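Heads up, the thing below is written out as structure tokens.
The values are calculated or read from the model by the stated rules, or taken from the named source; none is laboratory data. This one's a predicted model, so the numbers in the text were calculated from it and none came from an experiment. Cβ coordinates were reconstructed from backbone atoms using ideal geometry, including for glycine residues, and neighbour counts include every protein chain displayed.
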2 protein chains.
Amino acid sequence: MDGAVEPSKSALKKAEKQAKLAAEKAAKAAKKTARPVVGGKKADDIIGITVSKAENFPAWYQEVVLKSDMVEYYQEISGFFVLRPLAMHVWSEIRKWFSGHIEEMGVDEVSFPLFLSAKSLEKEKDHVEGFAPELAWVTKAGDKDLEVPVAIRPTSEAVMYPYYSKWIRSHRDLPLRLNQWNSVVRWEAKQTTPFLRTREFLWQEGHTAHLTEELAGKEVLEILELYAGVYEQLLALPVVRGTKTENEKFAGGYYTTTVEGYVPANGRGIQGATSHCLGQNFSKMFDITVEDPQNKGQHVHVWQNSWGLSTRVIGVMVMVHGDDKGLVLPPRVAKIQTILIPVGINKSTTPEDRKKHEEQVDSIRKTLRKAGVRADSDWREGYTPAWKFNDWELKGVPLRIEFGPKDAAKEVVSWARRDTGEKGVFPIAEVGTKVPELLETIQKDMYNKAEASFREHRLKITKWEDVLPALDDKNVVLIPFCLDGKCEDRIKELTTRVDEHPDLPDNQKLPSMGMKSLCIPFDQPTGDELVPGETACLNPECKGKAQKWVMFGRSY
Amino acid sequence: MDGAVEPSKSALKKAEKQAKLAAEKAAKAAKKTARPVVGGKKADDIIGITVSKAENFPAWYQEVVLKSDMVEYYQEISGFFVLRPLAMHVWSEIRKWFSGHIEEMGVDEVSFPLFLSAKSLEKEKDHVEGFAPELAWVTKAGDKDLEVPVAIRPTSEAVMYPYYSKWIRSHRDLPLRLNQWNSVVRWEAKQTTPFLRTREFLWQEGHTAHLTEELAGKEVLEILELYAGVYEQLLALPVVRGTKTENEKFAGGYYTTTVEGYVPANGRGIQGATSHCLGQNFSKMFDITVEDPQNKGQHVHVWQNSWGLSTRVIGVMVMVHGDDKGLVLPPRVAKIQTILIPVGINKSTTPEDRKKHEEQVDSIRKTLRKAGVRADSDWREGYTPAWKFNDWELKGVPLRIEFGPKDAAKEVVSWARRDTGEKGVFPIAEVGTKVPELLETIQKDMYNKAEASFREHRLKITKWEDVLPALDDKNVVLIPFCLDGKCEDRIKELTTRVDEHPDLPDNQKLPSMGMKSLCIPFDQPTGDELVPGETACLNPECKGKAQKWVMFGRSY
């Protein structure tokens, strides 16, 4: 299965490295100073994000994922990260949702070994070639050299398919549909970024076998729709469904379908998840055949799919929804959906009043939990309410409820939305219904905002000279394209900026990254600007005729 | 965390190796012949287990886990196994149950990297010494040598605790309770056995930090009780709760609690899962301190626990419940709880009657699913009902429902229990209530049977000369013991049989394995045979006084 974690462009490498250093430094400083401030001294600014998303997006991203406690850099070995509870909760909600759906489809869970032998690797050279430079090799156990080194799986085709050959003995054994949740290792040489490109990442990999192309193809799309569901329904992120071009498809596969996302802050596209039809390529390499039920005595190679979704999704979620205050979590994947913060309690509050207040807050929390809301209350001592507000905003909790003696007197709770900052009050008696409703509203509004942004920045372009300005305006573009691989390579070259003076300061430079094809959207624009086989390909140097509208963009 | 997968004894090695070969051969033969037999020719005997559990337990075990499709040997690299859907379902039910409970306790999910650096390893030498010979070392990435080799985690103390030191900055950060579900690698030199000892296995590892010994100790027992729950409530297996002796506790820890199981077929004890209090040993090595809230300015080292449960549990389940027909699954963890098998349909059945019958079976299946039963129907063509009965018995499905035109006429379904073979009928109208009830009965009966067997084979022994005969009668023993480590070693030597003629055929030899301590049961026998500090230790050579009843046995 191909890289859910994609190479970033070397042009951004330096900036990202600097950003990482800056973020680490800032995080360290914050850690030192973010101790409780007893006595009410405000420390609000210290714990916040120090870089603006608009001004330095890579540095902002690094700071957000670190300071919100989503990840920790693994100091011991570079390129590895610790996923902390906030991030793991998102992943575990995705896992629950996706598992439920594929179980219904009849996909079973398995667990194959972590290692693959050099022998299996040799069987499928096309596929392996792309992974070879990133394979981690175990050569020793204890103090003894292994007779034959073994590689850690970068993906499990070569681990699993020898068994498909063994297990599939008749068409009655089809479809065989297996999925595993695990981690894979790809020892990237390039700069790594939390979630987006890491040397180890969590994912699920599904590997299935079918009797016919049609049955395989049907599943490819069912799975792609589930991947779209993870983005749209859980992460409140819009995606475009489509097919990869030949250049961008999975090495060794037949065709690749994909959901493509969009990062408004820099206008880059990002691959969301891919569902591949492998055709009969692997079944030929691994000798996976059955007797054709239509033609007794004839053997046919099975049709295979593989499909994967990785923790990269969390990175996309952070990049799209986050703001200058930190993380913004969609309610459906937030570990804490609503945080209750007691206010108006101070040194002059009597112990009795304090106790009564605690009981009221606790009763609200219980009501919310009963209503299915993941609610918590923040009773940490020595922190001001303002400090707590900032802290939970940094961590992206979708809804804050403030509750003080004044609210109690009016029998209301005060709330504040993380996504919009909007504030209001609810009668205490209605929190059990109003809060779940508001969380759903937040979820929808977050999706709608992101969807509008992607829609507005997906431009239909019919003149070559409009391409670069559109990219510079943070758009991805839909262009009439001939689908030829060489033309695609040339388009990338033509859109790579090389004419700036290298000594220009960074903030005066325009992005130099060329655009690549993101997908051939299933949903093709209508109108008569593209008549397949007649309209010219947009590349001015290309003699070919356009076949499809293809989405191109600067991308991760 | 210590080995959930324990070394077996070399005395059994040869027998096990032979058994494995025999099982593989038998499985291969079965695969070749177990094709559908069109026309009704019976092939019942071929797919079954060919070795008797009583006569050759190791070979029986290997056959059962292979033929029931629980595991597959990973041919490419020895010591590794593929966990197939039947086994993964058991694991996933355990994961769901255990996750739910620890979440309620406030334990959060994390994911730390697969690798640990040589530097971290050096920090905790006592602990690491035991793992060093089994560490798998990555020395190359692609075709380049790594500057510093990295080891694959055999357990994650050394991976995680540097971050505990970083994250725990105040007593307000306590308790810190993290858990991860992953796989670990221990490159065993000894003979491996599916589930029981494998070079990679799945587990959960919990790592927590607390302010006081008391708080840590409370959690150790809460977790141990959950482990007992996995065995007793899900797997229908009895366990004895207790503390490990100094000899058997986790290297580097403070004390280890354990749940110990029992395998009736060979009378061996087996460690079920362990919950360790690490004391302050690791917090001293990794510098994990907080300011003492009771004594400002004073720093104290935190108290830590670690606890783990591995896929070994599945092996124990197979060994205890399985029989000569194959696997017997407790309903709560069975992937298919009830299998519906249409009977009485043959060549003379009209298409209309067949269709009507199909609809009836499908309606029963739907009723069962609605009632929360994992039910499936077996419509495979070309197999006789008898073949199907055997096949599902082999795979351990707890309840079979047969349904034919005669049943339909009487408006009943016929059922057969996998555990006891008992048969009966239910009115069709009542399947939605009767089947879930019967499944619960099966679950309870399986537990009660196993519990009675363990209870009857846990003998209180007060004379040394009764020890060996008790072991030979497949018992574990409770003996008055001084708790001294050297005495424990000596007991093992004294109970190791060395006096048989080496040329005796295997079937005339008695087991030679010496006994080791399994645990100091929390639930100590009553009666006056043991007065702590007065009664003599049972070891005739020991001058010490007994402190506790300790459970000893031949063991895995």
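Numbers below:
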| read-out | value |
| --- | --- |
| Within region A:423-462, tally of residues that are more than 27 Å from the chain's Cα centre (by Cα) and free of Cβ contacts under 8 Å to residues at least 60 places away in the same chain | 8 |
| When residues of region B:317-373 are limited to those that are among the acidic types (Asp, Glu) and free of Cβ contacts under 8 Å to residues at least 12 places away in the same chain, the one nearest to A:Gly106 (Cα to Cα) | B:Glu359 |
| Filter result for the condition that a residue is closer than 23 Å to A:Arg458 by Cα and either basic (Lys, Arg) or out of contact with any Gly (no Cβ under 8 Å at 6 or more places or on another chain) (or both), over A:Ile314, A:Ile270, A:Ile288, A:Ile339 | A:Ile314 |
| Number of positions in region A:392-449 that are more than 27 Å from A:Ile314 (Cα to Cα), of a type outside the set (D, E, K, R) and not in a helix (DSSP H, G or I) | 9 |
| Of all residues in region B:289-308 being buried (at least 24 other Cβ atoms within 10 Å of the Cβ) and not aromatic (Phe, Trp, Tyr), the one that is nearest to B:Arg268 (Cα to Cα) | B:Gly308 |
| Of all residues making up region A:69-90, the number that are modelled with pLDDT under 95 and facing another protein chain (nearest Cβ under 7 Å) | 2 |
| Which numbered condition B:Thr311 misses (of (1) buried (at least 24 other Cβ atoms within 10 Å of the Cβ); (2) over 30 Å from B:Trp167 (Cβ atoms); (3) not aliphatic (A, V, I, L, M)) | (2) |
| Region A:177-202 - residue that is free of Cβ contacts under 8 Å to residues at least 60 places away in the same chain and in a strand (DSSP E or B) and, of those, farthest from the other protein chains (Cβ to nearest Cβ) | A:Val184 |
| Selection status of A:Pro162, touching a Ser or Thr at 6+ places or on another chain (Cβ under 9 Å), of a type outside the set (A, V, I, L, M, F, W, C), facing chain B (nearest Cβ under 10 Å) and buried (at least 19 other Cβ atoms within 10 Å of the Cβ) | yes |
| Residue among A:Lys335, A:Lys347, A:Lys355 that is within 14 Å of chain B (Cβ to nearest Cβ), more than 21 Å from A:Glu422 (Cβ to Cβ) and among the basic types (Lys, Arg) | A:Lys335 |
| Qualifying residues in region A:61-111 (those that are among the aromatic types (Phe, Trp, Tyr) and within 26 Å of B:His207 (Cα to Cα)) - the one farthest from the chain's Cα centre (by Cα) | A:Tyr74 |
| Qualifying position, being of a type in the set (Lys, Arg), closer than 27 Å to B:Thr208 by Cα and within 7 Å of another protein chain (Cβ to nearest Cβ), among B:Lys96, B:Lys119, B:Lys140, B:Lys123 | B:Lys119 |
| Qualifying residue in region A:494-506 (condition: of a type in the set (A, V, I, L, M), within 19 Å of A:Met551 (Cβ to Cβ) and surrounded by 20 or more Cβ atoms within 10 Å (Cβ to Cβ)) | no |
| Residue match in region B:99-108 (condition: touching a helix residue (DSSP H, G or I) at 6+ places or on another chain (Cβ under 6 Å) and farther than 30 Å from A:Gly382 by Cα) | yes |
| Residue within region B:496-504 that is in contact with a helix residue (DSSP H, G or I) (Cβ under 9 Å, 6 or more places away or on another chain), of a type outside the set (D, E, K, R) and touching a residue at least 24 places away in the same chain (Cβ under 8 Å) present | no |
| Residue among A:Asp45, A:Asp2, A:Asp108 that is at pLDDT 50 or above and acidic (Asp, Glu) | A:Asp108 |
| Single residue of A:Arg369, A:Arg400, A:Arg417 found to be within 14 Å of chain B (Cβ to nearest Cβ) and of a type outside the set (Asp, Glu) | A:Arg369 |
